[in-house]
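Presented below is the structure to which this report refers.
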Amino acid sequence: MSAKILVVDDEPQIRRMMRATLTSSGYQVDEAKTGEEALEKLRAYQPDLILLDLNMPGMGGLEACRFMRDGSDVPIIILTVRNAEKEKVEALDAGADDYVSKPFGMQELLARIRAALRRMPGAEGGPRGFTSRDLQIDFESRRVMVRDQSVRLTPKEFELLRHLVAHGGKPVPHRELLQAVWGPDYGNETDYLRVFINHLRKKIEPDPARPKYILTEPWVGYRFALPEEP
């Protein structure tokens, strides 16, 4: 069955253009004109991916994104005319998986959609889990426990953590992380990593300001620190 995409934009001509392009590419499409309507459609339509405009009357895209992310792991791609790094970081921080600036080519957008819908490879050959005194990760059941409390990770956060643990003790370059988690067309979006690493640290580190698991390797990438041998 083809993926269902919800297009959220207050401009009718953009919605029409998106519907025509996405439908011809084999996707099922529904539309919403406002953030409030998008939240209703998220529950009723249950899309596989959301294309969300930032600049809308009423509930803006950022607020809608936060509400969506509170109760759903659906991939969210933000569409906006703004291209400053501050706005990009705000969108990612609100829970978006990706960010595309207007005007954009439809082939670029379709590539981003394919990347967001891409099912991550299974854990075969990878780590089955990780256990320390205050952190337990089960990659098969996708469960994370921090000090005996269950912690919810988004799919992107989980895959980022999986890749770091799989290379535990070794620095993993930015480009490798981006391509492993977002797809082969990525590599320069280090701001994505900063935001998602910050989210992970807040969720799994005893003290996010002084991380003991997810360490920064300056100018290189990040490293998952394995517990010291007794």
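The values are calculated or read from the model by the stated rules, or taken from the named source; none is laboratory data. All of these numbers come straight from a predicted model, not from anything done at the bench. Reconstructed Cβ throughout: ideal geometry from the backbone, glycine too, with neighbour counts over all protein chains shown.
Tabulated values for the structure
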| quantity | calculated |
| --- | --- |
| Selection within the range 177-225 - of a type in the set (Asp, Glu) and surrounded by 15 or more Cβ atoms within 10 Å (Cβ to Cβ) | Glu189, Glu205 |
| Residue in the range 20-32 that is modelled with pLDDT of 95 or more, in contact with a Lys or Arg (Cβ under 9 Å, 6 or more places away or on another chain) and of a type in the set (Gly, Ala, Ser) present | yes |
| Set Leu178, Leu160, Leu200, Leu153: member being part of a loop (DSSP other than H, G, I, E, B), within 29 Å of Asn83 (Cβ to Cβ) and within 13 Å of the chain's Cα centre (by Cα) | Leu153 |
| Failed item, numbered, when Lys170 is tested on (1) basic (Lys, Arg); (2) in a helix (DSSP H, G or I); (3) in the same structural domain as Pro218 (by TED's automatic domain parsing) | (2) |
| Filter pass, Leu215 being modelled with pLDDT of 95 or more and assigned to a helix (DSSP H, G or I) | no |
| Test set (1) surrounded by 20 or more Cβ atoms within 10 Å (Cβ to Cβ); (2) under 13 Å from the mean Cα position of the chain (by Cα); (3) part of a loop (DSSP other than H, G, I, E, B) - Asp73 fails condition number | (1) |
